[in-house]
Amino acid sequence: MMERVKHVGDGVAIDAIDHDEDESLSKGTRKRSAREEDAREGRVVDVVLSDMCAPWPLSTSTWINSVNRPYRRMMNTSGNPFRDHAGSMDLCLAALTFAHDCLVTGGHFLCKYYQGAEEKALETRLKKLFEKVHRVKPASSRKESREAYFVALRRKAGVSKEHVFSDG
């Protein structure tokens, strides 16, 4: 027995077996737009901007109000370049994970990092997910500062998390 299952766009899908919308779409009757696919996957953010800095660990008791507030501990670097770089890379990877999960196709990403050995690996990951990636050291940043930014433009469609975060 043949029955009309779905009316999709200008065509009509007809089959003897009931199919849900996803199955009928996979047969090529109509492709989803990038915006529809993003919404289906829960990607609704247009820009991810990460200017985070890892807080300093508490060195004294937590009852002291001036030490207890994390934002007071994030104003400066620790003075240890390796530690600052490693902390910034962890935060950048967390922001990139968020961007992969929530950023729409064509969306943009910016993150602050401290220059060091792992920045090239982060740039490689960014290039897997975005069409263009730039390194920026603002003119307002002191010359001796290791602070810099990655600006990644236009998120690519259909890039898997495994592809972005694999080491190969």
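Quick look at the numbers
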{"read-out": "19 Å cut-off, amide nitrogen to a point 7 angstrom out along CYS102 Cα→Cβ, residues in segment 114-141", "value": "126, 129-130"}
{"read-out": "Sorted largest first, extent of segment 93-168 alpha carbons per principal axis (Å)", "value": "39, 24, 18"}
{"read-out": "Other-chain or far-sequence residues with amide H under 5 Å of GLY107's (modelled H)", "value": "ARG155"}
{"read-out": "Local net charge near TYR114, Cβ-Cβ under 15 Å (Lys/Arg +1, Asp/Glu -1)", "value": "0"}
{"read-out": "Distance (nanometres) between label positions extended 7 Å along Cα→Cβ at ARG32 and LEU93", "value": "2.9 nm"}
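Computed from the coordinates by the stated procedures, all read-outs in this text should not be read as laboratory data. From a predicted model like this one, the values you see are computed outputs, not experimental measurements. In this analysis, Cβ positions are derived from the backbone assuming ideal geometry, glycine residues included, and neighbour counts consider all displayed protein chains.
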